[in-house]
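To keep things clear, I will list the structure first and then write my remarks on it.
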Amino acid sequence: MRIKTTLYFVCVWSLVLFTNCKNDSKSKANPLNAKETLAQLDSLAIQIEALENEKCENLDTIVILNEKMRRIIENIRSINEFDDLVNSFDQDRQQIGLTVSEDGKFGVFTWQSKMDCLGIHIKNIALYKTDGRVYTSSLYGEPLVCHEITNKTINTDKTVYLLRGSSSTNISDSLIKTYTISNGDLVEARISSP
């Protein structure tokens, strides 16, 4: 009886370990495909653009599509995935915007959300590299269509990212936002004039 019980537990544990190994190898075997991810984001942006939003029409659908875009971007977690996305991105072909800093450690996805009646006509999701991972964050405050990200190193251990853009598709409406990465978090920075 004791041998049967021991054999039973060994079989159950073997099955559990095999299943976990199979699931781990499956998740590693399906890394993010940058071109497919960009195609999904473009498809969602096109769907949003096709919806009428005058008088807050289709707001539920518009919010759902924007949330799908946000979740896709938030699933970019590895540095390799981030770099593959940047290398696959074609500004002339994509329906969304992606601007990356000079040092390649900070990027911002931008798209027209059509959530104007909620006060959100542009959506920004930032991705940044720190501690060997990629993190995501919404950019708070006035949203911007990001055109350029420059970076300046201060005190040899702190980098400030300057985002230049506009509050609409009109490039002449100029905005500048500044951020730093502190303890793994994206923090809005203030730069004082000399």
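The values are calculated or read from the model by the stated rules, or taken from the named source; none is laboratory data. Note that the structure is a prediction, hence the values are computed from the model and not measured. A quick note on method: Cβ atoms are made from the backbone with ideal geometry, for glycine too, and the neighbour counts reach across all protein chains shown.
So, Val86, is that one buried (at least 19 other Cβ atoms within 10 Å of the Cβ) and modelled with pLDDT of 90 or more or not? So Val86 fails the test.
When the residues of the stretch 42-82 are filtered to those that are among the charged types (D, E, K, R) and outside any helix (DSSP H, G or I), the one that is nearest to Lys129 (Cα to Cα) is Arg77. For the stretch 121-137, enumerate the residues that are closer than 21 Å to Leu59 by Cβ and in contact (Cβ under 8 Å) with a residue 24 or more places away in the chain. Matches in the stretch 121-137: His121, Ile122, Lys123, Ile125. Scanning the stretch 103-117 for any residue that is aliphatic (A, V, I, L, M), in a strand (DSSP E or B) and in contact with a helix residue (DSSP H, G or I) (Cβ under 8 Å, 6 or more places away or on another chain) turns up at least one such residue.
Could you list all residues from the stretch 79-99 that are among the aromatic types (Phe, Trp, Tyr) and under 12 Å from the mean Cα position of the chain (by Cα)? Of everything in the stretch 79-99, just one residue is among the aromatic types (Phe, Trp, Tyr) and under 12 Å from the mean Cα position of the chain (by Cα), namely Phe82.
Yes/no matrix, rows are residues, columns are (1) crowded, with 22+ Cβ neighbours inside 10 Å; (2) out of contact with any Leu (no Cβ under 7 Å at 6 or more places or on another chain); (3) not aliphatic (A, V, I, L, M):
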{"position": "Asp103", "(1), (2), (3)": "no, yes, yes"}
{"position": "Val108", "(1), (2), (3)": "yes, no, no"}
{"position": "Trp111", "(1), (2), (3)": "yes, yes, yes"}
{"position": "Asp116", "(1), (2), (3)": "no, yes, yes"}
{"position": "Asn124", "(1), (2), (3)": "yes, no, yes"}
{"position": "Leu144", "(1), (2), (3)": "yes, no, no"}
